[in-house]
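Read the structure below first, then the notes.
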Amino acid sequence: MSISTDDFQTVQKFLLENSGISLAAGKEYLVEGRLQSLVYSEKFDDIHALVVKLRGDREGDLGKKVVEALTTNETSFFRDKHPFETLKTAVIPDLFNKPELGKRITIWSAASSSGQEPYSLAMLLADSFAWATDWQIKIVASDISEEMLTKCRSGLYSQFEISRGLPAHYLPRFLQRTGSQWQMKEEIRERIDFRYLNLYEDWVGLPRVDIIFMRNVLIYFEADTKKTILEKILKVLRPGGYLFLGSGEAPVGLENRFQPADFSTSACFKLAPAP
Ligand SMILES: C[S@@+](CC[C@H](N)C(=O)[O-])C[C@H]1O[C@@H](n2cnc3c(N)ncnc32)[C@H](O)[C@@H]1O
């Protein structure tokens, strides 16, 4: 079933206006493939019928499902390793030296997908900083996909997902068998506040944070959207806070504020004071 140019452009525009995600021309095959299961589950005759409904019902549930179907959710535990090492050996120790934080640190995983990133953070904190009992370290994790957030909250992972990056000794320590799956133990799940947040809209209710993991999501946005999001970060990240981007991503246009953290082999940037 192939998508017409007109229908592709409708989906392209809808996605851009509702999530900031930019779909280049030539991605028709991707839209076709990803909307296919929605065509079946929502009982449309074909993609065209789905797009016709979308045109007339932009605010409804179908729109959310279309956005969800078109997001890329690739992730894994301790993805890229280095950022987590940098967090453990340099970033948290640096923040522990700041009396002005009042022994509170908030970490935001800003596009948490199915949860492996925030759970990696929670397990790392439980493993390496259990001694810091006088510090309160909170993790907020958000995503645009309710489907992903439901999975995040369940803390359930398949053997395949576990095999992608979870250190072997963490398995018995932080997860338990639940049927054919593994589930994050309550003590880890309760460390994370999962919530819906569309990076392209207002960041309502987000607290000030000290560390942001915003990895492998800016790549889906156009240059001006990336810059707008980086400017919004300036308002939520505390002075001297840290921003982790995906490897190969950079704070283009705001390099004067997000300066490479010199102890880091990761895409880790420290927020510099306004000039
Ligand atoms: C490739 S995953 C990255 C997951 C994780 N940060 C990592 O690096 O492994 C990208 C995630 O960004 C989310 N996303 C895309 N557009 C978004 C938006 N406008 N607001 C919030 N999340 C968005 C998707 O739903 C998806 O879960």
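The values are calculated or read from the model by the stated rules, or taken from the named source; none is laboratory data. Because the structure is a prediction, the values reported are computed rather than measured. Note that each Cβ is placed from the backbone with ideal geometry, even for glycine, and that neighbours are counted across all protein chains shown. Heavy atoms of the whole protein, side chains included, go into the accessibility calculation; ligands, DNA and RNA do not. Shrake-Rupley method; radii C 1.70, N 1.55, O 1.52, S 1.80 Å.
Structure above, values below:
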quantity	calculated
Filtered residues of segment 127-161 (kept if within 13 Å of Ile92 (Cα to Cα) and assigned to a helix (DSSP H, G or I))	Ser128
Candidate set: segment 178-237, residues that are within 11 Å of the ligand (Cβ to nearest atom) and of a type in the set (Phe, Trp, Tyr); chosen: the one surrounded by the most Cβ atoms within 10 Å (Cβ to Cβ)	Phe213
Residue within segment 158-167 that is in contact with a strand residue (DSSP E or B) (Cβ under 6 Å, 6 or more places away or on another chain), among the small types (Gly, Ala, Ser) and touching a residue at least 40 places away in the same chain (Cβ under 8 Å) present	no
Test: residue in segment 139-151 that is more than 25 Å from Leu199 (Cα to Cα), open to solvent by less than 50 Å² (accessible area, probe 1.4 Å) and not β-branched (Val, Ile, Thr)	no
Residue within segment 118-129 that is open to solvent by 50 Å² or more (accessible area, probe 1.4 Å) and more than 12 Å from Arg215 (Cα to Cα) present	yes
